[in-house]
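One structure below.
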Amino acid sequence: MSQNHLLREHAPITDAGWELIDEEARERLTPGLAARRLVDFSGPLGWEHSATNVGRVERANVSEIKGIEANRRVVLPLVELRAPFTVSREELRAGDRGAEDVDFAALDAAAQRVVEAENASVFHAWPKAGIDGIASSSPHKPITRKKSFEDYPGCVARAVELLLRSGIAGPYGVALGREDYTSVVETAEHGGYPLLEHLREIVKGPLVWAPGVKGAVVLSMRGGDFAFESGEDLSVGYASHDANVVNLYIEESYSFRVLTPEAAVAITAPRGR
Amino acid sequence: MGFDQYHEPPDELPEQTRTFARLCSSLTEEAEAIGWYEQRLAIEKDPEALAVMADAVGEEYKHFSMDLEFLLRRTPKWRQIAEGVLFKPGDIVEHGEAAEAAADDDGDEDGDAAPGAAPSGGSLRIGSLRGEGL
């Protein structure tokens, strides 16, 4: 086995312990990774992959030699995202004995931070990482819902109509922030018809729980509009340990590009709540 | 309409696996078509018919290549082995054995990895979840 930069071989963790950790991480990460359900995903291209080709050059001529023009290529660097957490060695020993209630609270919290960071970067931008978000790039004015959510199907229908009017074909999907998701799932319209079913009929695509997203974002899923490029897919690595705890981390590298800003519309909460 | 591409009950398979199986079936069909055209081209005497079929088999090459690329993108270990075999001069079998060994060394799926290893070297292999929602 060749070592890689995650250095898992150096951790005082048994194979069974790693299986428990990986399974727990996968279970905690997967439900909330909304961007991966809605946008184009490519990769993983590996930890060594450092930048996304955007096909452009800087305008400045950097040549210092007469008769030579030289322009530097523009690339989008991948961002490395890392969430550290600790696991108690006593808990790992309990897992090795077959315990089914191993305490992975810190891992669960780290997974949630990763989910929220990935979603927030894709939907609301992360300027320092060079990521333009879907909602923040959209030229469409956000649609403001009512406090009660009673007009939610109308908001989503208006968003879809706005996309159609801009020549953006479906199917469409919706990333629902925590509050919007809860309200959509538990709300019945007049006559008892579930709001969720109504929305599904309007968008013809997935409605996705998206922690880290403020409000909601309706977007086209026809492809070619939003590009998530994975370098290293979500992984668990080893940092250090002492007699009591092992310090680990969840890590990934990725870039995200909005290729068609007009292919999404944000739905926002009313002000002064 | 048959659903022969599924070896297990489709209802029990996740969406991603069903998509993967469809593309595997498509890849097989394109390979069969390439084989059929190769035979037809070998015996056809009419030059006009030959030209038509030569053009058609080019389509099948394209379809096969697109199917393969899709499957390789979704299967990192397969991709890694393919990279060690495809478009390289020399002994195909030697390249294949070397590529397989290298992929196994990087954390294989066969269960013989070293302590601390996980499938694909620590990656949780979540990848794309496209289309999955409520």
Which ³J(HN,Hα) values in Hz, rounded to whole numbers, follow from the phi angles of the stretch A:74-80 under the Karplus curve 6.51 cos²θ - 1.76 cosθ + 1.60, where θ = phi - 60° and Gly and Pro get x? 9, 10, 9, x, 6, 9, 9
At what distance in nm do the modelled label points of B:Cys24 and B:Glu38 sit from each other, each positioned 7 Å from its Cα along Cα→Cβ? 2.3
Inter-site label distance for B:Ala101 and A:Thr182 at 7 Å from Cα along Cβ, in nm: 5.8
Heads up, the protein assembly as shown by the C-alpha gyration tensor (a ≥ b ≥ c square roots of eigenvalues; a/c under 1.5 rounded, else a/b over b/c prolate, else oblate) looks rounded
Output needed for the stretch B:9-74: three equivalent-ellipsoid semi-axes, defined as square roots of 5 times the C-alpha gyration tensor eigenvalues, in descending order, whole Å. 32, 11, 7
Output the relative contact order of chain A, whole-number percent, from Cα pairs under 8 angstrom with separation of 6+ residues. 29
Compute the FRET efficiency between B:Ala54 and A:Ser88 as 1/(1 + (r/R0)^6), taking r as their Cβ-Cβ distance and R0 = 56 Å, and round to the nearest 0.05. 0.25
Per-residue ellipticity at 222 nm for the protein assembly as shown, helices alone: DSSP H runs ≥ 4 residues times -39500 (n - 2.57), over residue total, nearest 500 deg cm²/dmol? -13000 deg cm²/dmol
Determine the shielding of peptide A:36-47 by partner chains: average, over its residues, the number of Cβ atoms on other chains within 10 angstrom of each Cβ. 4
Using only Cα atoms, locate the centre of the stretch B:39-72 and the centre of the stretch A:125-140, then give the distance between them in Å, rounded to an integer. 45
Distance in nm between A:Glu27 and B:Ser65 label points, each 7 Å along Cα→Cβ, equals 4.5
Pairs of Lys in the protein assembly as shown closer than 29 Å at Cα, counting only those 8 or more apart or on different chains: 13
On full extension of the chain, what length is gained from A:Glu201 through A:Arg158, given 0.36 nm per residue of separation minus the C-alpha to C-alpha distance? 14.1 nm
Per residue of A:13-26, what is the mean number of Cβ atoms on other protein chains within 10 angstrom of that residue's Cβ? 2
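Every read-out reported here was derived from the displayed coordinates using simple, explicitly stated rules and does not represent laboratory data. Not measured: the values here are computed from a predicted model. Please note: Cβ atoms are built from the backbone with ideal geometry, for glycine as well, and neighbour counts cover all protein chains shown.
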